[in-house]
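One structure below.
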Amino acid sequence: MSDFAPLSLHVPAPPSREENAPVDTSRLSPAGAVRRPPVDADPQDIRDLAYSLIRVLDDDGSAKGEWAPALDTDALRGGLRAMMKTRAYDQRMMRMQRQGLTSFYMQCTGEEAVACAFQSALQKGDMNFPTYRQQGLLIAQDWPVVDMINQILSNSADRIKGRQLPVMYSAKEAGFFSISGNLGTQYIQAVGWAMASAIRNDTKVAAAWIGDGSTAESDFHAALVFASVYRPPIILNVVNNQWAISSPQSMAGGERTTFAARAHGYGIPSLRVDGNDYLAVNAVASWAVERARRNLGPTLIEWVTYRVAPHSTSDDPSKYRAKDASAAWPLGDPITRLKAHLVSRGEWSEERSVQLEAELDQEIAAAAQEARRSGTLHDGPKQSPATMFEDVYKDVPRHLREQRQKLGY
């Protein structure tokens, strides 16, 4: 007779819709409590930073601790404007999707600080390998919004000529690598790009982006192996917004440890950061980018944030999470928090917020009108099969030239 009970698997249970605990508050740290190590710190000496949470802004909007960046008022106002513009853009695109002008859209509501503050740490020529929720990387550098909307509408002014899904932007000049629906591939390509930069003895760095759910894919681990071995100039971003489509982050391994801790097995330094704190994001991004540019190798950063909106316009989050879960999120709204910081410094007011919000809404509405005037692919010029040879193949191989001739192109 066996002394052992029957074996069974552990399947992480998502929070019930009646629960209002979207994050384990025991893993939070007070604002200003986490130390800031030197940029050349040995990964073994900062292992604790993968389990704490780097925060700068407290509940009153004051900046605390060693990580507080020395940003002037113009930089702070610029960050607030970028986040508010990103949200205004999301709201307008959602409206256009509901009007049937585009088939699909994905918002980044509540996650604006991660992309907008990170972009402020980069230089021209650096390359982002983003997911579909980093539109703030483009907006924060004042990339023309009409160009983004053209891609959403797949109209005749779309630089990709309708060959990508909506929200999968591409802008090489802005350091924004084409988005892939298979998010894990971005990590591999980003590491390869960073390796190439080092091989060319360049000074450009790469930033890879992935969500908590996609860390469960093998591509994530393959990328970390190469990053660990060759130490290219790259920042490995994990945006932990608590949900991967309809499954909680616990299904990807976030139940017993942090996503930042995964870097330890590869000897890569890692940090865990309040992703809704614009100042904390800016400070840690600047630290990691400097580390990469000094040829000190990769850094993995877990940005703890919350996906307020549905996964996409095809999703209904009320089917799998509590109705008021976002209201219970303990790290607040990134826009509200940066506003409070500026107000505490005497550099902002609610009246100015209302005015800026109206201005940005008008700006985005005008860009949307301009994009709509470009005409959709259905109403505008038809795309000839010949454009595949002109747009996709830079140097056409002989057999393709012969095929083109047979087709009469």
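The values are calculated or read from the model by the stated rules, or taken from the named source; none is laboratory data. Treat the numbers as computed from the prediction; the structure is a model and nothing was measured. Cβ atoms come from the backbone with ideal geometry, glycine included; neighbour counts cover every protein chain shown. Areas reflect the complete protein model, heavy atoms only, side chains present, ligands, DNA and RNA absent. Shrake-Rupley method; radii C 1.70, N 1.55, O 1.52, S 1.80 Å.
Per-structure values
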| read-out | value |
| --- | --- |
| So Val145, is it open to solvent by less than 40 Å² (accessible area, probe 1.4 Å), at pLDDT 95 or above, of a type in the set (A, V, I, L, M, F, W, C) and within 29 Å of Arg294 (Cβ to Cβ) | no |
| Subset tally (residues that are without any contact (Cβ under 8 Å) to a residue 60 or more places away in the chain and in contact with a Ser or Thr (Cβ under 9 Å, 6 or more places away or on another chain)) for the range 99-122 | 1 |
| Checking Pro38 against (1) in a loop (DSSP other than H, G, I, E, B); (2) modelled with pLDDT of 95 or more; (3) surrounded by 22 or more Cβ atoms within 10 Å (Cβ to Cβ), the condition it does not meet | (3) |
| Residue that is hydroxyl-bearing (Ser, Thr, Tyr), out of contact with any Cys (no Cβ under 9 Å at 6 or more places or on another chain) and modelled with pLDDT under 95, where the choices are Ser62, Ser26, Ser52 | Ser26 |
| Output for the range 277-297, where each listed residue is assigned to a loop (DSSP other than H, G, I, E, B) and either at positive phi or open to solvent by 10 Å² or more (accessible area, probe 1.4 Å) (or both) | Arg294, Asn295, Leu296, Gly297 |
| Check on Ala82, surrounded by fewer than 16 Cβ atoms within 10 Å (Cβ to Cβ) and either over 13 Å from Ile364 (Cβ atoms) or modelled with pLDDT of 95 or more (or both) | no |
| Verdict on Arg307 being buried (at least 21 other Cβ atoms within 10 Å of the Cβ) and in a helix (DSSP H, G or I) | no |
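Condition check ((1) at pLDDT below 95; (2) of a type in the set (Asp, Glu)) across all residues:
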residue: Asp324; (1), (2): yes, yes
residue: Pro330; (1), (2): yes, no
residue: Asp333; (1), (2): no, yes
residue: Ala340; (1), (2): no, no
residue: Asp361; (1), (2): no, yes
residue: Gln369; (1), (2): no, no
residue: Glu402; (1), (2): yes, yes
